[in-house]
Amino acid sequence: MKNLDLATTDFFNSIAPSCIRKSSIVFSDRLKRTNESVSAINVAIGNISLPTHPAMLRRLLSVEDENLKKGVWRYTQTEGIDSVNQTFKNIIKSFLKPGLEPELFTMVDTGASHIMKLVMLGACGKFKGVNRPLMMLDPVYTNYISIGQELGREIVAIDRELNADGVFSDIETDTIEKIIEEKNPSAFLIIPYDNPSGTLMTQETINKFAKICIKHNIFFVSDEAYRGLYYRDDIKFAPSIWNISEDEVPGINAAKIRISIESFSKLFNACGLRMGALVTDNQLFFEQARAANTTYLCPSCIDQYIASAIAFEDQKEIQGWVMSLRSYYKRILSELYSNLKLLMPDLIVTQPEAAIYSMVDVRNVVKPGFDANDFVMYCASKGSVEINGINYTLLVAPAAGFYKNNNPYANTQMRIACVLNDKEMKLVPELFVRLLKEYEGKRN
């Protein structure tokens, strides 16, 4: 076949790189093409640069498992070895309110993105021939949109607006109820420590949503990759679907509707380990998820072994570890906000209450027709700013990739991931403002 469009499917021909990855691909191609001496400060993707948990590092450097030492690296059971499943249970239990003991069925897989796909295969789609969508809040982590497209799963998104004060609008219960009645979703997905908005969903809000899911008999799915990373002093226990009590939400235990998506990437600074988990109180959902995943055999036995180190950590130690991360990110996010507003006061910048991301909206400082994706591609392919004798560019994520619906301000918004070391993060505000002014100066 001579032409690529004849060699690949319609899906392959239509697909584009993720909004969190595209700029790094373009920048890499730029260096290969030009051999420029320019460094990219990459805050487009949440790729943590902090060192991982010491117990996991010790396991990597001093392997004690006899089979791994001998080089006998066989498949494990599809749901993962017992100790790595116990690890995820240990993490969840470390953040439970006293007296709560939810029934937890767990299975691990190669990163939370694979778990997202598995959950979407089982929690939305055709039910006895009737197609039922997945409901979520807009904007949402871009992978959910991409995976939905890949699987042919419909997504119904509830609009949120980024207001001029840098705060996203709340969602009214009546709005959710109306959409459920109109669209008949089979599951409601939340991200309590929200990516990309940085919004914190309180336990009271989670409980309110749980009651709606029980009322309409739909799955309640929670992406808890950032559990414990919140920055409000009035929060005593980490908001979670597993912190819903029977007293607060009668029938929650019997409903068997809870599913959480877990990850090692952010809480244990292990993005490259590729270890995630599906956790549910529904035994049948667990069994069928495991059955579906037998096609893919099992996750890496080496990654499972390393992650299993946390199974033996004291729960107070886990809490302390996450508390140290919380203090670190709270400072980094605050400094980013202050320095961006100092350099360009009319920017709309979020002040995140959770997770590790900040959203920036340039609607007040740019000329009409601004397209954040075009600006990001400019930075990746051409942009260069000199600071202290070194040429830099900045890679951020255009926010349009996080919106399922057509938001009027999506094209002026970008997401910044606070994942680099202190020295590099301090460069971000100056690079952003100078590159934005440079780009706007060249745009008609």
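Scan (1) part of a helix (DSSP H, G or I); (2) among the small types (Gly, Ala, Ser); (3) closer than 27 Å to Val140 by Cα for the single condition Gly369 breaks and write down its number.
(1)
Out of (1) over 30 Å from Arg74 (Cβ atoms); (2) touching a residue at least 12 places away in the same chain (Cβ under 8 Å), the odd one out for Ser324 is which?
Of the numbered conditions (1) over 30 Å from Arg74 (Cβ atoms); (2) touching a residue at least 12 places away in the same chain (Cβ under 8 Å), the odd one out for Ser324 is (2).
For segment 367-397, what are the residues that are surrounded by fewer than 17 Cβ atoms within 10 Å (Cβ to Cβ) and under 22 Å from Lys341 (Cβ atoms)?
Once the filter is applied, which keeps residues that are surrounded by fewer than 17 Cβ atoms within 10 Å (Cβ to Cβ) and under 22 Å from Lys341 (Cβ atoms), segment 367-397 yields Lys367, Ile387.
Count, please, the residues in segment 23-39 that happen to be crowded, with 21+ Cβ neighbours inside 10 Å and closer than 22 Å to Gly389 by Cβ. Before the answer, list the steps.
First pass over segment 23-39, keeping only residues crowded, with 21+ Cβ neighbours inside 10 Å: 23, 27.
When the remaining residues are screened for being closer than 22 Å to Gly389 by Cβ, the result is 27.
Looking only at that region, the number is 1.
Within segment 91-105, which residues are among the aromatic types (Phe, Trp, Tyr) and part of a loop (DSSP other than H, G, I, E, B)? Give the steps one after another, and end with the answer.
Here is the first cut: in segment 91-105, the residues among the aromatic types (Phe, Trp, Tyr) are 95, 105.
Listed by number, the list holds a single entry, Phe95.
Under 7 Å by Cβ, and 6 or more places apart or on different chains, what pairs join a residue from segment 62-86 that is at negative phi and assigned by TED's automatic domain parsing to the domain that holds Ile302 with one that is exposed (fewer than 15 other Cβ atoms within 10 Å of the Cβ) and polar (S, T, N, Q)?
Hits for this filter: Thr78/Thr294.
Within segment 109-123, is there a residue that is of a type in the set (S, T, N, Q), within 21 Å of Ala400 (Cα to Cα) and not in a strand (DSSP E or B)?
From segment 109-123, those of a type in the set (S, T, N, Q) are 110, 113; that's our starting set.
Imposing the further condition that a residue be within 21 Å of Ala400 (Cα to Cα) reduces the set to 113.
Okay, now just the ones that are also not in a strand (DSSP E or B), so 113.
Within segment 109-123, one or more residues are of a type in the set (S, T, N, Q), within 21 Å of Ala400 (Cα to Cα) and not in a strand (DSSP E or B).
Would a scan of segment 288-310 turn up a residue that is in a strand (DSSP E or B), under 28 Å from Arg331 (Cβ atoms) and either free of Cβ contacts under 8 Å to residues at least 24 places away in the same chain or assigned by TED's automatic domain parsing to the domain that holds Tyr193 (or both)?
No, segment 288-310 has no match at all.
Quick grid of which residues meet (1) modelled with pLDDT of 95 or more; (2) in contact with a Lys or Arg (Cβ under 9 Å, 6 or more places away or on another chain); (3) of a type in the set (Val, Ile, Thr); (4) surrounded by fewer than 18 Cβ atoms within 10 Å (Cβ to Cβ):
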residue: Gly272; (1), (2), (3), (4): no, no, no, yes
residue: Leu284; (1), (2), (3), (4): yes, yes, no, yes
residue: Gln288; (1), (2), (3), (4): yes, no, no, yes
residue: Asn293; (1), (2), (3), (4): no, no, no, no
residue: Ser300; (1), (2), (3), (4): no, yes, no, yes
residue: Gln315; (1), (2), (3), (4): no, yes, no, yes
residue: Val322; (1), (2), (3), (4): yes, yes, yes, no
residue: Tyr328; (1), (2), (3), (4): yes, no, no, yes
residue: Arg331; (1), (2), (3), (4): yes, no, no, yes
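Scan segment 13-22 and tell me whether some residue there is assigned to a helix (DSSP H, G or I), under 23 Å from the mean Cα position of the chain (by Cα) and surrounded by 13 or more Cβ atoms within 10 Å (Cβ to Cβ).
Within segment 13-22, the subset assigned to a helix (DSSP H, G or I) is 13-14, 22.
Checking the rest, the ones that are also under 23 Å from the mean Cα position of the chain (by Cα) come to 22.
Next cut, surrounded by 13 or more Cβ atoms within 10 Å (Cβ to Cβ) only: 22.
Looking for residues that are assigned to a helix (DSSP H, G or I), under 23 Å from the mean Cα position of the chain (by Cα) and surrounded by 13 or more Cβ atoms within 10 Å (Cβ to Cβ), one finds at least one in segment 13-22, hence yes.
Show the residue pairs that are 6+ apart or on different chains and have beta-carbon atoms under 9 Å apart, the first residue being within segment 371-388 and over 16 Å from Arg30 (Cα atoms), the second being in a loop (DSSP other than H, G, I, E, B).
Ala372/Val362; Ala372/Val396; Asn373/Cys19; Ile387/Leu427
Show the residue pairs that are 6+ apart or on different chains and have beta-carbon atoms under 7 Å apart, the first residue being within segment 430-444 and in contact (Cβ under 8 Å) with a residue 24 or more places away in the chain and assigned to a helix (DSSP H, G or I), the second being charged (D, E, K, R) and loosely packed, with under 14 Cβ neighbours inside 10 Å.
Listed by first residue and then by second, the contacts come to Glu440/Lys367.
Looking at (1) within 21 Å of Pro17 (Cβ to Cβ); (2) out of contact with any Leu (no Cβ under 9 Å at 6 or more places or on another chain), which one does Thr412 not meet, given that it meets all the others?
(1)
Return the residue satisfying two criteria in turn: it lies in segment 99-113 and is more than 15 Å from Glu287 (Cβ to Cβ) and among the β-branched types (Val, Ile, Thr), and of such residues it is modelled with the highest pLDDT.
Val108
Would you confirm, using the coordinates I've provided, whether Arg331 is of a type outside the set (Ser, Thr, Tyr), farther than 25 Å from Gly401 by Cβ and touching a Gly at 6+ places or on another chain (Cβ under 7 Å)?
Numbers: of a type outside the set (Ser, Thr, Tyr): yes; farther than 25 Å from Gly401 by Cβ: yes; touching a Gly at 6+ places or on another chain (Cβ under 7 Å): no.
It is false that Arg331 is of a type outside the set (Ser, Thr, Tyr), farther than 25 Å from Gly401 by Cβ and touching a Gly at 6+ places or on another chain (Cβ under 7 Å).
Just checking, does segment 125-142 include any residue being in contact with a Cys (Cβ under 9 Å, 6 or more places away or on another chain), assigned to a loop (DSSP other than H, G, I, E, B), in the same structural domain as Asp194 (by TED's automatic domain parsing) and among the β-branched types (Val, Ile, Thr)?
no
Of the numbered conditions (1) among the polar types (S, T, N, Q); (2) surrounded by 17 or more Cβ atoms within 10 Å (Cβ to Cβ); (3) more than 30 Å from Glu424 (Cα to Cα), Ser358 satisfies every one except a single condition; which is it?
It is condition (3) that Ser358 fails.
The values are calculated or read from the model by the stated rules, or taken from the named source; none is laboratory data. Small disclaimer: the values here were computed from a predicted structure and weren't measured. Because the Cβ atoms are built from the backbone with ideal geometry, glycine has one as well, and the counts that use them run over all protein chains shown.
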